[in-house]
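*Asks:* Have a look at this one.
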Amino acid sequence: MCDKNEREAEISASRKNNKSADDGVAEDRVRVGYIDSVYCGSGVDGAGLRCVVFFAGCNLRCPFCHNPETLFQKGKAVLAEELVQKLRRYKPYFRRGGVTLSGGEPFLQKEFCLALARLLREENIRVAFETNGHVCDPALIAAGELICDVKNQETDDLSVYERFFAECVRQGKLPRVTNVLVPGKNDREEKLRALARLVRQYFPRGNIRFLPFVKLCEDKYAALGRPFPYADVRECEKEDVLRAEQIVNEVFSQKI
C-alpha cells in the first residue's frame, strides 16, 4: 500500500500521461476527488439497493453527525474512472437502485462529482446526490437524483434552503427531503410545522422522511478522540417518528 502522498503523486502522473489533443476532455476524465469509504448494501440512501460513496469534507458540523470521520480526515485520493471501475462490479446487484454520492458533503467537490456522475451514467447506473442543501449549484442539481437532508436541529432559520429548493423547482426536480429527528431538538410541533410548510411551499406533492436519531456513531467519535455532542440526548423512538409524520401530514393535507 502506498501512502497518501505517493497516491497523489501517482494520480498527478496519471493526469499528465492521459493528456490528449483535447485537454478539456482528458482533464475531465481523470478528475481526482477525496473519499472516505464506499459501502454497498444500503436500502436507505435512495431508491432500491445502493452503493454509497462517502465523500471526505463537509461545510457543516452537525452535532449528531454519524460520519465524523468525513469531517476531520482528508480522505483517500481517487480517480473518477478508477472509482467507477470498482462500482460497476456491483451493477447486477443494484436492480432498481444505483450509486449515491454522500458524505460529508459531495457538492464541495464539484468537478469530481460531475465527472463521476457522467461516467456512471455512461454505464447506465443511476446516480443520486445526498446533500445538505447549503450549496446551490445548478450543474450539480441537474446531474442526478437528489436527497436533501434538512438540518434544523440547532436553528429555527430554514431560509438557507430556499435557493436550493427554488433551483430544484426551476429544473423540474423533486428531491427526497429527509430530516434527522432528535428528541428535544427539532421535534416541537411548531418546528415540525415550519419544516412542513417550507417543503410544501416548493413541493406540494412532496413529503419528508424522518430519520430517527440513534447513537451508533459513538465509537467513531471515541476513535477520533472527540466528544460526541449529543451523547446526553435520548435516542428517537418509533412513537416520536409517528407523531412527527402525523403533524407533517396535517400540513401537507391542508388546502392551499
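*Asks:* Quick check: the distance between the Cα centres of segment 47-97 and segment 176-205, to the nearest angstrom?
*Replies:* Value for the Cα centre distance between the two parts: 26 Å.
*Asks:* Next question, about the same structure. Evaluate 2.2 N^0.38 Å with N set to the residue count of the chain, then give the Cα radius of gyration divided by it.
*Replies:* 1.07
*Asks:* Further question on the same structure: Structure shown: which of 74/173; 173/255; 76/238; 191/215 lie over 28 Å apart, alpha-carbon to alpha-carbon?
*Replies:* 74/173; 76/238
*Asks:* Using alpha-carbon pairs under 8 Å, 6+ residues apart, how would you state the relative contact order of the chain in percent?
*Replies:* 15 percent
*Asks:* For the chain, what is the charge dipole size about the Cα centre, in debye to the nearest 20, if Lys and Arg each add +1 at the Cβ and Asp and Glu each add -1 at the Cβ?
*Replies:* In debye, rounded to 20, the chain gives about 680.
*Asks:* Which longest run of the chain has no exposed loop site in it, a site being trypsin sites (Lys or Arg not before Pro) in a DSSP loop with at most 15 other beta carbons within 10 Å, and the site itself not part of the run?
*Replies:* 97-172
*Asks:* Under 5 Å between amide hydrogens, which residues at least 5 positions from residue 209 or on another chain qualify, with H placed 1.01 Å from N in the peptide plane?
*Replies:* 177, 178, 179
Taken together, the values in this text are just the output of simple stated rules run on the coordinates, not laboratory data. Keep in mind the model is a prediction, meaning the values are calculated, not measured. Here the Cβ is made from the backbone with ideal geometry for all residues, glycine too, and neighbour counts use every protein chain on show.
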